Amino acid sequence: MRYILLFFLIISVNAKTLIAIYEAKYGIFGTIATAKGIFERNATNYKIDTTVKTKGLAAALTKHMVQKYTSIGIIKNNMLIPLKYITYRKKGNKEYKRIYYFDHKNKIIIRKKYFNNKFDGKEKFDYYAPQDVLSLYFNLPHLLKNKKTYTFFALGARKSDGRVDVNFCKKNIFNEKGICIKGNLYNKVFAGDRGIVYLLINPNNWVTLKGIVKNVLKIGDLKGKIIYFKQVP
C-alpha cells in the first residue's frame, strides 16, 4: 500500500491548506484503498498528513490495515525542510509507529520506535537524507529543471540509502492532457512489480490527477485517481 500515498503529490504550495482524496483500484478486485492528504503551511512552517485505508477484499486480507505518513518542518527559500517524519501502521490489534528526527547540521537521523503506544527503542538511522518522500514531492517543482533524469535521496525511498529517481515520461501512458512523470523509489508494492510509479500531473497547479503501478503480480495495474480536491487560500 505504500505507493497509494504517491497519488497525493506536489500540489501548488501557494495555498495555506490543501485537501485531496484519492482512490486506488487493482485489476479485478476493484477499489482496494483510499488515500487522504492534507497540506498546511504558513510563511515559515508546514505539515503534510496522508492517511491510507484499505477497502473491500484488501481490507479483509490485511485486517483493515491503516497507514499514516506525516512530514513536519520549516520553509526556507520556498523549499520544505523536514524536521520530523512519522510513519504509523495499524493491522488488526497491532500498531507500529516510527518517529524520525532530522539533524541536518550533523547529517544524521534519529529514529524512535513504538509498538502499541509503548516506547520500543531509540537508534541512529542507517543513513541520512536531506528530505523525506513527502517534502521531496512538494519540492519537485523547484528541483526539476531541464535534465531528463534526476536522482534524489529521501527518507522513505530505497531502503538502503533513500535513493529515488525521477524523470519525465518519454511517452504519456495516460493518453490524457497533463505532465507524465516516472518515479522509481526502488521499493516494490508487491512481489513482481519493479517499484516504479507513473503520475499524471496538472501543469497549472501540479495536482496529481492519476497514478499507475504497472502489472502488479502480473494480474493487472494498480491505478489511482483523484476524486476530491479543495484548496484554501
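Brief remarks follow.
- Among (1) open to solvent by 50 Å² or more (accessible area, probe 1.4 Å); (2) under 23 Å from Asp49 (Cβ atoms), the one test that Asn175 misses: (2)
- Scanning region 1-28 for residues that are in contact with a Leu (Cβ under 8 Å, 6 or more places away or on another chain), part of a strand (DSSP E or B) and either at pLDDT below 50 or surrounded by fewer than 22 Cβ atoms within 10 Å (Cβ to Cβ) (or both) yields one hit, Lys25.
- Qualifying positions in region 15-35 - small (Gly, Ala, Ser) and within 19 Å of the chain's Cα centre (by Cα): Ala20, Ala24, Ala33, Ala35
- When Thr31, Thr62 are screened for being touching an Asp or Glu at 6+ places or on another chain (Cβ under 6 Å) and at pLDDT 80 or above, only Thr31 passes.
- Among residues of region 129-164, those that are part of a loop (DSSP other than H, G, I, E, B) and out of contact with any Phe, Trp or Tyr (no Cβ under 8 Å at 6 or more places or on another chain), counted: 3
- Of the criteria (1) touching a Lys or Arg at 6+ places or on another chain (Cβ under 7 Å); (2) at pLDDT below 75, which one Ile219 fails: (1)
- In region 63-86, of all residues being of a type outside the set (A, V, I, L, M) and open to solvent by less than 30 Å² (accessible area, probe 1.4 Å), the one that is nearest to Phe125 (Cα to Cα) corresponds to Tyr85.
- Of all the criteria given as (1) open to solvent by 10 Å² or more (accessible area, probe 1.4 Å); (2) assigned to a loop (DSSP other than H, G, I, E, B); (3) modelled with pLDDT under 80; (4) not basic (Lys, Arg), the one not satisfied by Ala43 is (3).
- Enumeration of residues in region 46-60 that are free of Cβ contacts under 8 Å to residues at least 24 places away in the same chain, in contact with a Lys or Arg (Cβ under 9 Å, 6 or more places away or on another chain) and open to solvent by 60 Å² or more (accessible area, probe 1.4 Å): Lys53
- Qualifying residue in region 178-193 (condition: at pLDDT 85 or above, surrounded by 12 or more Cβ atoms within 10 Å (Cβ to Cβ) and part of a loop (DSSP other than H, G, I, E, B)): yes
The values are calculated or read from the model by the stated rules, or taken from the named source; none is laboratory data. What you see is a predicted model; the values in this text were computed from it and never measured. Backbone-built Cβ (ideal geometry, glycine too); neighbour counts: all protein chains shown. Only protein heavy atoms, including side chains, enter the accessible area calculation; ligands, DNA and RNA are left aside. Shrake-Rupley method; radii C 1.70, N 1.55, O 1.52, S 1.80 Å.
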